[in-house]
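Every read-out reported here was derived from the displayed coordinates using simple, explicitly stated rules and does not represent laboratory data. The structure displayed is predicted, hence computed values, not measured ones. Using ideal geometry, Cβ is built from the backbone for each residue, glycine included, and neighbour counts are taken over all protein chains shown.
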Amino acid sequence: MIFKKIVLIVLLLTSCSFALSLDDKIGQMIILGFNGNNVESKGFKKILKDVEKGRISGVILFSKNIKSKDDLIKMNEKLLSSSDVVPFIAIDNEGGFIQRHNFYKNLTAQQVAAKNDEQIKKEYSKMADVLSELKFNLNFAPCVDLALNKNSIIVKKQRSYGKNPKEVSDVARIFIQEHNKKNIITSVKHFPGHGSAKGDTHKGFVNSTDVFKKSELVPYQELKDLDEMNMVMVSHIYNKNIDKDYPASLSKKTVNDLLINEIGFKGVVISDDYDMGAIRKNYSLRDIVVRAINSGVDIMLFSNNIGRNNKTVSSDIHKIIKEEIKKGNISEEDIDKSYEKIMALKAHL
């Protein structure tokens with residue numbers, strides 16, 4: 001089994017250099033949301049074509065996409081069988097308030113943290129079982145933000161395992177391991193930490209400059225060696241002590257310098273949703289794409305939950321990247337590096 005995985009990874013990486021076009025490689029750097037809740041929906045048919053043609057790496061589904069278990073499974077199965085490269089089928093499923101399906105209700109992070117290790121394993125094993133049945137292979141969780149500010153959206157929604165970074169890391173490790181047993185990739189979030197800041201980046205700009213604690217980085221240091229089947233999601237938090245010019249998800253100082261070089265994370269870096277207010281109210285799509293890639297982000301996430309014409313978003317991103325490569329504002333070498341990391345991760349699916 002190990003030999004087969006090694007061979008697959010070698011073949012995938014070899015194809016990067018000799019077989020694939022630039023569009024193929026760019027496509028693996030994009031995850032999109034879509035409208036539609038069954039295989040006959042116009043929005044689903046459009047996103048299916050994007051996956052079939054390699055224009056995107058995968059999809060994220062929200063409550064709006066989940067009409068019934070049968071329809072959901074049919075959509076996900078159709079997506080999974082539509083391409084030679086396995087697409088990411090992603091969902092936000094932390095449990096509690098952050099859960100997009102209602103087929104099984106998981107506990108909040110705060111509730112889970114009060115359990116013993118065996119109870120935690122049981123809870124997250126069940127979560128992974130349900131996601132596997134529904135044909136998801138990527139869960140945008142666990143949330144490792146520390147409960148440092150009672151006014152934080154993280155604390156208010158019971159999304160934190162607690163204040164102690166070591167205890168948070170221990171619970172998150174169980175979450176990751178139980179998902180990985182079912183071949184479900186996880187995404188530790190929201191780097192570099194959202195638990196000290198008041199405000200909600202879904203709605204607008206959030207500044208953690210005066211409240212951020214170095215302890216918020218500890219879970220990423222503790223969990224970095226679990227990166228073989230996992231991602232780190234970078235938030236849109238602004239902290240001028242890290243980068244005085246850009247929020248985390250567009251910041252080379254945050255992603256490349258802090259997460260990758262200083263902490264030593266070697267896996268895939270994904271952005272939080274770039275359609276969130278903190279970003280879309282302040283940056284154009286072109287600015288987002290250029291800054292994201294130059295910062296070290298490997299996968300750009302767009303939920304398509306805003307008014308933009310989502311019929312063209314994938315082609316718009318492809319066009320922007322190719323134009324900016326010609327201008328010298330994006331390095332094709334960075335595209336290759338991201339592609340290689342993404343395909344090595346997908347080899348586990």
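Details
- Table column - 3J(HN,Hα) (Hz), the range 78-87, Karplus curve with 6.51, -1.76, 1.60, x for Gly and Pro: 5, 5, 5, 8, 8, 9, 5, 9, 4, x
- Most fluctuating residue given options F103, F191, F175, as computed from a GNM of the chain linking Cα atoms under 10 Å: F103
- Here the peptides 130-140, 59-69, 319-329, 231-241 are ranked by packing, the mean other Cβ count within 10 Å, and the order with the highest first is 231-241, 130-140, 59-69, 319-329.
- The length gained by stretching the chain between K67 and E332 to full extension, at 0.36 nm per residue less their Cα-Cα distance, is 91.4 nm.
- The value of relative contact order for the range 2-346, using C-alpha pairs under 8 Å at least six residues apart, is 17 percent.
- Under a Gaussian network description of the chain, with springs only between Cα atoms under 10 Å, the residue in K253, K214, K122 that fluctuates furthest is K214.
- With contributions of -39500 (n - 2.57) from each DSSP H run of at least four residues, the per-residue ellipticity at 222 nm computed over the chain stands at -12000 deg cm²/dmol.
- Once you reduce the range 239-264 and the range 273-349 to the center of their Cα atoms, the two points are 17 Å from each other.
- Net lengthening on full extension, K78/D24 (0.36 nm per residue, minus Cα-Cα): 17.4 nm
- Tail beyond 26 Å, pair distance distribution of the chain (Cα, percent): 46
- Within the chain, DSSP assigns beta bridges of which about 5% are antiparallel (rounded to the nearest 5).
- Residue-by-residue Karplus 3J(HN,Hα) for the range 209-215, coefficients 6.51, -1.76, 1.60, Hz, glycine and proline x: 3, 8, 10, 4, 10, 4, 4
- Under 5 Å between amide hydrogens, built in the peptide plane, is the criterion, and for I185 it picks out L138, N139 among residues at least 5 positions away or on other chains.
- Under the Karplus curve 6.51 cos²θ - 1.76 cosθ + 1.60, θ = phi - 60°, whole-Hz ³J(HN,Hα) for the range 91-100, x wherever Gly or Pro sits: 8, 8, 9, 6, x, x, 6, 10, 8, 8
- If you plug the beta carbon distance of T312 and D117 into 1/(1 + (r/R0)^6) with R0 = 56 Å, you get a FRET efficiency near 0.70.
- Each listed q (0.11, 0.16, 0.23 Å⁻¹) maps to a log10 I(q)/I(0) for the range 123-220, found by the Debye formula over equal Cα scatterers with no solvent: -0.34, -0.68, -1.10.
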